[in-house]
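The values are calculated or read from the model by the stated rules, or taken from the named source; none is laboratory data. All of these numbers come straight from a predicted model, not from anything done at the bench. Don't worry about glycine lacking a Cβ; one is built from the backbone with ideal geometry, like all the others, and counts go over all protein chains shown.
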Amino acid sequence: MPSVPYASPVRDPRRIAYAAELALGTDHFHEPRREDCPWCGSARLCTRLRAPDLLQHKPGVFVLDRCRDCGHIFQNPRLGPAGLAFYHRDHDETDPENLPDPVLALRRSHRRHRADALLMRGVGEPESWLDVGTGHGNFPAAAKEVFPYTSFDGLDPTPRVVRARAAGHVEEAHIGHLADPRIARRLRGRYDVVSIFHHLAHAPDPRAELRGALTVLRPGGYLLVELPDPRSAFALLLGKWWPGHGQPRHLHLLPPANLRAELQAAGCTVLVTDRRSPHRPGDLAAALALALARLLPPDDVPWRAVPPRTPHRVLRTLLSALTSPLVDATALVEHALAPLARRIPGLSNGYRVVARRDTA
């Protein structure tokens, strides 16, 4: 059997490819900086925060600006298509937010998805439902237990939705954004319910995404939107470490008032604005995990020009094992205190809006 030549980590093909991609730095990944708010057009902007890539530790610094007039928060300068592709690449598809295990379990539990579906029990059994940003289709898979006769379709920017269809989680799989007029026209008026869970934060144009969602809704259909709340106490307390800020992947953070006003202007009746039940425990644990990962010796990742030495790798493994129980314990305490956090105004880290598209 022929021997396989040893490949030095420094000559690893992925490391070489990343070195070539980063030869010009990271500025070319960004679009030109905006001097006005993309939501209301105001020029009264201030810097909310600056943050590195706290998830994968790829090079670059990202700025979130806040509009002093409407409160809209947006990445400025925004990543362009090449930048989005670069910073989204290499995420673990089973854990796209790279959260610690206990936080991931609390945030993405089957029971959580089922509870979200139960919100729509009051409107009867929908005939058809589109889940936007569905990923692997975990929400439709759970929602089928609540609405067994509803046809669930999925839309996602990535091919994960195709695998969701193969797994039987959705009946039809669509790749792309509702902001794409071709997709919106093809699906025009097909759905009784459209759900958008935390997807608008990733959308380059959330207003166009909302217009597309209303296009595919039938008159009298319902839109269910959930987003991280940038005005929550956790966002203000944790700053760049708050998972909802999510740099560099989150491009927009919409205050509830802006979302409500946009839907009303588009001819919808806002039925529910819920700032309590959408709270997802785990912010403190995730922030602790991100901070500890930042302090640990660097991991061996292909976008680092030189791999860490063996003592550094051993030290990282040892320190990770020692600090992991602290993160786990923090997550469990947050989960136990979640009912209290939902009852105290301002502590919930998310909000939900349910609106009806009025008949013409």
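Residues checked against (1) buried (at least 20 other Cβ atoms within 10 Å of the Cβ); (2) in contact with a strand residue (DSSP E or B) (Cβ under 7 Å, 6 or more places away or on another chain):
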site	(1), (2)
Glu127	no, yes
Asp131	yes, yes
Asp153	yes, yes
Arg163	no, no
Tyr191	yes, yes
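Comparison of Leu263, Leu253, Leu288, Leu271 shows that the only residue that is over 10 Å from Tyr351 (Cβ atoms) and free of Cβ contacts under 8 Å to residues at least 60 places away in the same chain is Leu288. Scanning the range 312-360 for residues that are among the hydroxyl-bearing types (Ser, Thr, Tyr) and in a helix (DSSP H, G or I), we see that the one that is surrounded by the most Cβ atoms within 10 Å (Cβ to Cβ) is Thr330. Here Pro297 meets the list (1) farther than 22 Å from Gln247 by Cβ; (2) modelled with pLDDT of 90 or more; (3) not acidic (Asp, Glu) almost entirely, failing just condition (2).
Residues are listed down the side, and each one gets a yes or a no for (1) over 17 Å from the mean Cα position of the chain (by Cα); (2) at pLDDT 90 or above:
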{"residue": "Arg68", "(1), (2)": "yes, yes"}
{"residue": "Ile73", "(1), (2)": "no, yes"}
{"residue": "Asp90", "(1), (2)": "no, no"}
{"residue": "Arg111", "(1), (2)": "yes, no"}
{"residue": "Ala141", "(1), (2)": "yes, yes"}
{"residue": "Lys144", "(1), (2)": "yes, yes"}
{"residue": "Tyr149", "(1), (2)": "yes, yes"}
{"residue": "Leu155", "(1), (2)": "no, yes"}
{"residue": "Glu172", "(1), (2)": "yes, yes"}
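Close contacts from the range 51-70, counting a first residue that is polar (S, T, N, Q) and a second that is part of a strand (DSSP E or B), with Cβ to Cβ under 8 Å and a gap of 6+ residues or different chains, come to none at all.
Okay, residues lined up against (1) assigned to a strand (DSSP E or B); (2) modelled with pLDDT of 90 or more; (3) closer than 19 Å to Arg231 by Cα:
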| residue | (1), (2), (3) |
| --- | --- |
| Pro2 | no, no, no |
| Pro5 | no, no, no |
| Arg33 | no, yes, no |
| Cys40 | no, yes, yes |
| Leu55 | no, no, no |
| Lys58 | no, yes, no |
| Phe62 | yes, yes, no |
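List pairs: first in the range 22-41 and outside the structural domain of Ala208 (by TED's automatic domain parsing), second among the β-branched types (Val, Ile, Thr), Cβ under 9 Å, 6+ apart or cross-chain? Between residues of the range 22-41 that are outside the structural domain of Ala208 (by TED's automatic domain parsing) and residues that are among the β-branched types (Val, Ile, Thr), the close pairs are Thr26/Val61; Arg33/Val63.
Looking only at residues in the range 312-360 that are among the aliphatic types (A, V, I, L, M) and within 30 Å of Val216 (Cβ to Cβ), the one that is farthest from the chain's Cα centre (by Cα) is Ala360. Among the conditions (1) buried (at least 24 other Cβ atoms within 10 Å of the Cβ); (2) touching a helix residue (DSSP H, G or I) at 6+ places or on another chain (Cβ under 7 Å), the only one that Arg207 does not satisfy is (1).
Number of residues in the range 293-309 that are over 25 Å from Leu326 (Cα atoms) and of a type outside the set (A, V, I, L, M, F, W, C) equals 5.
Against the list (1) in contact (Cβ under 8 Å) with a residue 12 or more places away in the chain; (2) more than 16 Å from Trp129 (Cβ to Cβ), the condition Gly220 fails is (2). A Cβ distance below 6 Å, combined with a sequence gap of six or more or placement on separate chains, defines the contacts here; from the range 304-322, residues that are more than 21 Å from Arg15 (Cβ to Cβ) and charged (D, E, K, R) reach no residue that is at pLDDT 85 or above and exposed (fewer than 12 other Cβ atoms within 10 Å of the Cβ).
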